[in-house]
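K.L.:
What follows is a single structure, and I will ask about it in a moment.
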Amino acid sequence: MWNYEKRLQYPVNIKNTCPRTASLILSQFGGPDGELSASMRYLAQRYSMPCKEVGGLLTDIGTEELGHLEIICAMVYQLTRNLTPEQAKTAGFDAYYIDHTTGLWPAAAAGIPFNACEFQSKGDAVTDIFEDLAAEQKARVVYENLIRVIDDPDVLAPLKFLRAREIVHFQRFGEALEKVKEKLDPSNYYYFNPEFDKKLLKS
């Protein structure tokens, strides 16, 4: 007999249906600074990192971002379960409802579909880590904006957890940048692609 219980990294228990809130939180699923782009960014970048510890960090954080994606999807699902067509129309959720009913589909709050062009994997360690630092800061700002406009405590609790994790990830990527810089020429690390120009690492 199977006894499988899937738990989220942070519990989501939203009591009230609110498609308007769902349409805002949806941005952290498929928006430009959302959890989907974060997970894809880090899990792609890890392969070309010259420092194994940083590659491992990207694997760990990229995997955690998939867990955050689950939290966001659970929130959108709970905010739209038992949704009526009239509620969708009144809340301005009707355009999404027409295409997806209450299924989960990655898009920004403005309705723009998820696009892989929203993140980068350059194969240059310094460039990629700066991208990651910026991504965490932008995601933190989005969570803070959501916290400012939402007043349901059941929704705010997981949003505050997710915001806190963005701060931790930013700190870890700052440490990763220092590790990578130690491996490169400290007076010249901006001027070449270390993964491609391996010979420069030996000079």
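The values are calculated or read from the model by the stated rules, or taken from the named source; none is laboratory data. Quantities reported herein were computed from a predicted structural model and do not represent experimental measurements. Neighbour counts run over all protein chains shown; Cβ positions are idealised from the backbone, glycine included. Note: accessible area is taken over every heavy atom of the protein model, side chains too, but ligands, DNA and RNA are not part of it. Shrake-Rupley method; radii C 1.70, N 1.55, O 1.52, S 1.80 Å.
K.L.:
Report in % the part of the accessible area of the chain that belongs to carbon and sulfur, leaving out ligands and nucleic acids; probe 1.4 Å.
P.N.:
56 percent
K.L.:
P(r) of the stretch 82-134 in 5 Å steps, Cα pairs, percent per bin?
P.N.:
Answer for the stretch 82-134: a P(r) of 4, 16, 19, 13, 11, 8, 9, 9, 6, 3, 0 percent.
K.L.:
Can you run the Rg to Rh ratio on the stretch 124-170? Use alpha carbon positions and the Kirkwood inverse-distance Rh.
P.N.:
On the Cα set of the stretch 124-170, Rg over Rh gives 1.12.
K.L.:
Follow-up. Exactly which trypsin sites (Lys or Arg not before Pro) in the stretch 2-62 are in a DSSP loop and have at most 12 other Cβ atoms within 10 Å?
P.N.:
LYS6, ARG7, LYS15
K.L.:
In the structure displayed, which of LYS138/LYS160; LYS122/LYS179; LYS6/LYS122; LYS6/LYS179; LYS160/LYS181 lie more than 25 Å apart, Cα to Cα?
P.N.:
Violating the 25 Å Cα-Cα cut-off are LYS6/LYS122; LYS6/LYS179; LYS160/LYS181.
K.L.:
Can I ask one more? If I take the Cα coordinates of the chain and project them onto the principal axes, what are the three extents in Å, biggest first?
P.N.:
Largest first, the chain extends 68, 41, 35 Å along its Cα principal axes.
K.L.:
While we're looking at this one, here's another question. Helices from the chain with mean Kyte-Doolittle at least -0.5 and a Cα length along the axis of 20 Å or more, per DSSP H: which?
P.N.:
In the chain, the long hydrophobic H runs are 52-80, 125-149, 153-183.
K.L.:
Provide the per residue accessible area, probe 1.4 Å, for the chain, rounded to a whole number of square angstrom.
P.N.:
Accessible area per residue: 55 Å².
K.L.:
As a check on your grasp of the helix formula, calculate [θ] at 222 nm for the chain: sum -39500 (n - 2.57) over DSSP H runs of n ≥ 4, divide by the residue count, round to the nearest 500.
P.N.:
Calculated from helices alone, the mean residue ellipticity at 222 nm is -20000 deg cm²/dmol.
K.L.:
What does the net charge come to around ASP33 if you take all other residues with beta carbon closer than 13 Å to its beta carbon, with K and R at +1 and D and E at -1?
P.N.:
-4
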